[in-house]
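Report on the following structure.
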Amino acid sequence: MEANNAARAFTCLGHPGRLAVFRLLMRFAPRGVRPTEIAEALALKPNTLSHHLSDLTGCGLARVMREGRSLLYSVDLDRTEALITYLALDLGRARPDLLAPLTPERPMSESFNVLFICSGNSARSIFAEAALRDLGGARFNAYSAGTRPGTQLNPFALEVLERNGHDTAPLRSKHLSEFQAEDAPRMDFVFTVCDTAAAEECPPWPGQPITGHWGLPDPVKAQGTDAEKALVFAQTYGALCRRIEAFVALPMASLDRISLQNRVDAIDAEAKD
């Protein structure tokens, strides 16, 4: 990246509001986000957000595409990579004491710790935890948590899991703070399965796990008869199972971090096709 372009990008990110928008877009990457969702998550006025998005697209860090009547904003990952590379290699002169924390070696492991996060930990993340526990076998240790405390497991979710042969006895609703403690298991993968959880700020995870966003609509908000609600829960469970089946089939041992991140990103898009 040329120095002038880097300076423009750094200047753009030097504003707290634009930095907050960029951080949110990164949590959804490679997906796009509607401006209304960004404004709600960050409590920004529409005209203020419009200026921030215009500046981010103007300096190349974000891009916009139309989907039907909606505009979706997403991070330009190539441009962001160029900026980070400039910071590390040009400004940082590729000093190993600066780069080592950014490129941790991924140790070979017989099992991987995987955390699924949603807002309530009552349905979607519980589905994912139970499905990975059974589909992944001994290769994966599955966990789930929510960003809201005090949530209970949804009875429709439990019914779907029991009908599909999962043991629901070990399942419970957990707050995210359980996995942010010093003695918590160190995660190899962290997935958000709802847009609300992805939009919330979260400290960097120790060990720099591979992250992914598999946002699905909240089945708890389904309207209609009990039979209609049960169908929505079953469809959500099926959508997550398709993603987890693809995830457990990844050749973990033969993929470097970049390849593994790209494959994780592709799972969500392929599951929706």
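The values are calculated or read from the model by the stated rules, or taken from the named source; none is laboratory data. What you see is a predicted model; the values in this text were computed from it and never measured. Here the Cβ positions follow ideal geometry from the backbone for every residue, glycine too, while neighbour counts run over all protein chains shown. Note: accessible area is taken over every heavy atom of the protein model, side chains too, but ligands, DNA and RNA are not part of it. Shrake-Rupley method; radii C 1.70, N 1.55, O 1.52, S 1.80 Å.
Expressed as a whole percent, the accessible area of the chain that falls on carbon and sulfur atoms is 54 (1.4 Å probe). So if R0 is 51 Å, what FRET efficiency would Ala3 and Ala138 give, r being the distance between their Cβ atoms, rounded to the nearest 0.05? It comes out at approximately 0.50. Probing with 1.4 Å while keeping every protein chain in the model, the per residue accessible area of the chain equals 54 Å². Computed from point charges on the beta carbon alone (+1 for Lys and Arg, -1 for Asp and Glu), the dipole magnitude for the chain about its Cα centre is near 520 Debye.
Taking a straight line from the alpha carbon of Lys174, these aspartates and glutamates sit under 13 Å away, with near neighbours fewer than eight places off in the same chain left out: Glu129.
At R0 = 25 Å, how high is the FRET efficiency between Glu182 and Ala94 if r is their beta carbon distance? Nearest 0.05 is fine. The pair Glu182/Ala94 has a calculated efficiency of 0.20. For the chain, the residue among Gly207, Ser259, Ala41 whose Cα projects farthest onto the positive side of the dipole built from Cβ charges is Ala41. In this view, the solvent-accessible surface of Tyr143, computed with a 1.4 Å probe and all protein chains in place, comes to about 60 Å².
Sparsely packed loop sites in segment 152-210 (the GluC sites (Glu not before Pro) outside DSSP H, G, I, E and B with at most 13 other Cβ atoms within 10 Å) comprise Glu182, Glu201. Based on Cα contacts under 8 Å between residues 6+ apart, segment 41-192 shows a relative contact order of 19 percent.
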